[in-house]
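Chemist: Quick one: the structure is below, and I'll ask about it shortly.
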Amino acid sequence: MSIRPMVLPLALLTTTVAFAQKAPIQITADLSDAPRKIYHAEVDIPVSPGTVSLTTPEWIPGNHRPTGPVSDITGVVFTANGKSLAWRRDDQDLYQFHVTVPEGVTTLHAHLDCIVTSRVSQKLAVLEWEKLLLYPASTPVADIAIQPSVTVPKGWGIGTALTPTDGYDPQHPKGGTTHYAATTVEQLEDSPVITGEYFHEFALAPEITPKHYIDVVSDMPDDSNLRPALLTELNNLVRETGAAYNSRHYNVYHLLLTLSDVAGGEGLEHGQSSDNGVGEKGFSDDAHQLAEADLLAHEFTHSWNGKYRRPFNLYQTDFAKMQQGSLLWVYEGMTQYLGNVLAARSGLKTQAQYRDLLAMSAANLDYKPGRMWRSTEDTAIAASILRGGNPAWSNWRRGQDYYQEGELFWLDADTLIRKQTNNKKSLTDFLHIFLAKGGNTGPLIVPYNRDELIADLNQVVKYDWAGFMQERIDNVNPHADLEGIERGGYKLVFTAKPSASEHTMAATGGRRASGVNVWYSLGLRLSSEGVVTDIRWGSPADKTNLAPGAKIIAVNGNVYSADALRTAVRDAKGKTEPIHIILQADTFVSMADIDYHDGERYPELQRIEGTPAYLDDITAPLTKPEKSSK
Ligand SMILES: [Zn+2]
């Protein structure tokens, strides 16, 4: 049984001012001091006399966690008719401020600052609005009207999906204050702003309406001027989303990209934009691009899967309520699958690179012993307590595995549909139903539950989809779901040399690089200095006295280096003598012998000859591509 899609008032936003009964809140975000790591806001809130309760956001959509930066909000001063008013924080909900508004006052003014130590540099800044928002508590955020303005340093350009009302020209940015059309608090929170001295905006696939842009800021003057080859691949990406999802749920879409070694490291989806941050050189050439190739495709896909279609229990009418994660294996897992697939279809990576990265991800999951006690669904339910943290024994704890587990799940479903229909149908048929319900819409949230997923899959091909989900998602599985890879015509194998893609990513030193990969051999993750960050539960290394945090000082009589360790692993192959290591753990030095003799092991996908190569069908473009650099 499927739930009836709920149409929220947000649908009205773009055409009519549904909230005209009350004057909008006016908010001016002042990013002039961004290089000094502090933002300011002036907020005018329509009020009536009596006690007013105002709040800042706690549960941030897309973060799925209570990450609202209330502890960094400072300098809060309320005034009315020029007089300052006392405030008191709520004793239980620390995000709320109570103010008593005197008779005769209709507008309450608030000044506030936010200390911002990430996503900001001397040359650029990112504003996610939870840093500065203040609005009536316990009110659906889709019902609160707000009119934003943004002030930036002289000459800085601005990228955002908000609609400028005073002729802002992205090709000739002047800086200063730009005013935007009124919207709602829900939509403003979903509309981040990037700004920077080195700014470029490029139109993508201009023949398509609604319009698409990529806005780029960088720390160095040249980097925001993207390579023509990358722009070609992004044009392809926009066209591929049309073919894959058969709908669009925005009035305009802005890919927002920050290139910075100090302000990068982000990927956050929004309905009409996405906030993407990578290192300064993250897209500077094909080698650097490999580790980031799926980022823009992933966050863009979220406009359909996550923003438009939202798990019913992840959607809340205000940001004070907990967002529940049990369906994140769809929200994130299917997006992980589609992000990688569309990156390959668009030429952002090659089909061979797609397979190499899939092998790395699948091997990582299959060699994660925490799966012996914890289901994939539990990693989703517990999402808000599983991000980041110390890597010590993280393979036994598991992390937010619903991303990669979900990727394998949806590949399994895609290849199953292809097999059952002799490759006549695919997951694309499901996406045309599930993501395109209602056709093209403006920004809108349409919740779903598991019953609807099952019903829509059954429309494509009749199968026991409920059992399929139960077995793979809800049950504890000692091994990863490799059926999709095998039905796709490949199998996961281990070889003595890293794949071309693993080698490339290690050489560029990007975020996925590690000094040495001995995870599938010894069972160790090591920093580039030889510090043990994690030990695989049940591995040869686990059978010694090694502890996370220990530093390997020497290997077989040689001072530690990545090469010395790899040589020792190779030399021990087929012999009986263990690998001898000397360790420093806390303030003590000790020795350990690792009894391992199977040589180096790196994951890769090997073709199963004589079977259909569905995996290659899946990663082939659906549209006629513009010629890419690869
Ligand atoms: Zn995501």
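The values are calculated or read from the model by the stated rules, or taken from the named source; none is laboratory data. Everything quoted here is computed from the prediction, not taken from an experiment. All Cβ positions, glycine included, derive from the backbone under ideal geometry; neighbour counts span all protein chains shown. Side chains included, ligands, DNA and RNA excluded: accessible areas come from the protein's heavy atoms. Shrake-Rupley method; radii C 1.70, N 1.55, O 1.52, S 1.80 Å.
Chemist: Using the Karplus curve 6.51 cos²θ - 1.76 cosθ + 1.60 with θ = phi - 60°, work out ³J(HN,Hα) for each residue of the range 554-561 in order, rounded to whole Hz, and write x for Gly and Pro.
Modeler: Whole-Hz 3J(HN,Hα) from phi for the range 554-561: 8, 10, 6, x, 9, 4, 4, 8.
Chemist: Okay, moving on. Quick one: if the Förster radius is 51 Å, what FRET efficiency do Ala585 and Gln92 give, using the C-beta to C-beta distance and rounding to 0.05?
Modeler: 0.70
Chemist: How many percent of the accessible area of the range 326-403 is carbon or sulfur, using a 1.4 Å probe?
Modeler: After summing per-atom areas, the C and S share lands at 53 percent.
Chemist: Can you pull the percent of the range 551-630's accessible area that's carbon plus sulfur, 1.4 Å probe, other chains left in place?
Modeler: 53 percent
Chemist: A further question on this structure: Convex hull over the Cα atoms of the range 45-127, averaged projected area in nm²?
Modeler: About 7.0 nm², averaged over all directions.
Chemist: Could you run the Karplus curve 6.51 cos²θ - 1.76 cosθ + 1.60 with θ = phi - 60° over the range 376-387 and give me ³J(HN,Hα) per residue in whole Hz, x for Gly and Pro?
Modeler: Result, rounded to whole Hz: 4, 4, 5, 5, 7, 4, 8, 3, 6, 10, 10, 7.
Chemist: To continue, here is another question. Could you work out the relative contact order of the range 175-302, using alpha carbon pairs under 8 angstrom and six or more residues apart, expressed as a whole percent?
Modeler: It rounds to 22 percent for the range 175-302.
Chemist: Hey, what do the phi angles of the range 35-45 turn into as Karplus ³J(HN,Hα) couplings, whole Hz, using 6.51/-1.76/1.60 and θ = phi - 60°, x for Gly and Pro?
Modeler: x, 8, 6, 8, 10, 10, 9, 10, 10, 10, 10
Chemist: Using modelled backbone amide H atoms (1.01 Å from N, in-plane), which distant-in-sequence or interchain residues come within less than 5 Å of Tyr250's amide H?
Modeler: The answer is Thr441.
Chemist: Calculate, axis by axis, the spread of Cα positions in the range 425-503 along the three principal axes, and write the results as whole Å, longest axis first.
Modeler: That works out to 51, 30, 24 Å along the principal axes.
Chemist: Then there is this: Jot down the radius of gyration and Dmax of the range 451-609, Cα atoms only, both in angstrom.
Modeler: Looking at the range 451-609, its Cα Rg and Dmax stand at 20.3, 64 Å.
Chemist: Let me understand the range 364-492 better: what is its radius of gyration from the alpha carbons, and its Dmax, in angstrom?
Modeler: 16.3, 47
Chemist: Show the residues, 5+ positions off or on another chain, whose built amide H is closer than 5 Å to the amide H of Trp519.
Modeler: Placed amide hydrogens put Leu524 under 5 Å from Trp519.
Chemist: Could you sort out which of Lys307/Lys437; Lys211/Lys437; Lys491/Lys624; Lys497/Lys573; Lys307/Lys425 sit more than 19 Å apart by Cα distance in this structure?
Modeler: Listed pairs above 19 Å: Lys211/Lys437; Lys491/Lys624; Lys307/Lys425.
Chemist: Treat every Asp and Glu Cβ in the range 374-497 as -1 and every Lys and Arg Cβ as +1, leave all other atoms uncharged, and give the resulting dipole magnitude about the Cα centre to the nearest 20 debye.
Modeler: 360 debye
Chemist: Give the residue list of GluC sites (Glu not before Pro) in the range 474-545 that are DSSP loop and have at most 13 other beta-carbon atoms within 10 angstrom.
Modeler: Counting only loop positions with at most 13 other Cβ atoms within 10 Å, the GluC sites (Glu not before Pro) in the range 474-545 are Glu529.
Chemist: Next up: With +1 on each Lys and Arg Cβ and -1 on each Asp and Glu Cβ, and nothing else charged, work out how big the dipole of the chain is about its Cα centre, in Debye to the nearest 20.
Modeler: Value, rounded to 20: 760 debye.
Chemist: Then there is this: Return the Rg/Rh value of the chain, two decimal places, where both radii are evaluated on C-alpha atoms and Rh is the Kirkwood radius.
Modeler: In the chain, Rg relative to Rh is 0.99.
Chemist: May I pose another question? For the chain, calculate the relative contact order in percent as a whole number, restricting contacts to Cα pairs under 8 Å that are 6 or more residues apart.
Modeler: Normalised by residue count, the contact order of the chain is 13 percent.
Chemist: Checking a compactness column here: for the range 158-207, what do you get for Rg(Cα) / (2.2 N^0.38 Å), N being the number of residues?
Modeler: Here the answer is 1.22, to two decimals.
Chemist: Now for a different question. For the chain, build the charge dipole from Cβ charges (+1 Lys, Arg; -1 Asp, Glu) around the Cα centre, then report which of Ala554, Ala568, His64 sits farthest towards its positive end.
Modeler: Of the listed residues, the answer is Ala568.
Chemist: Would you work out the Kirkwood radius for the range 107-146? I mean one over the mean of 1/r across all pairs of different Cα atoms, in Å.
Modeler: 12.7 Å
Chemist: So with the 1.4 Å probe, I'd like the accessible area per residue for the range 387-486, rounded to whole Å².
Modeler: About 39 Å² of surface per residue is accessible.
Chemist: Which one of Val52, Ile618, Gly265 is farthest out on the positive end of the charge dipole of the chain, using unit charges on Cβ (Lys, Arg +1; Asp, Glu -1) and the Cα centre as origin?
Modeler: Ile618
Chemist: Using DSSP H assignments, which helices in the chain have an axial alpha-carbon span of 18 Å or above and a mean Kyte-Doolittle hydropathy of -0.5 or higher?
Modeler: What comes out of the filter, once short or polar helices are dropped, is 228-245, 333-346, 351-366.
Chemist: When the helices in the chain are scored as -39500 (n - 2.57) per DSSP H run of 4 or longer and the sum is shared across all residues, what 222 nm value do you end up with, to the nearest 500 deg cm²/dmol?
Modeler: -6500 deg cm²/dmol
Chemist: A follow-up question, please. Label point 7 Å out from Lys543 along Cα-to-Cβ: which residues of the range 572-588 have amide N under 16 Å?
Modeler: Inside the label zone: 572-581.
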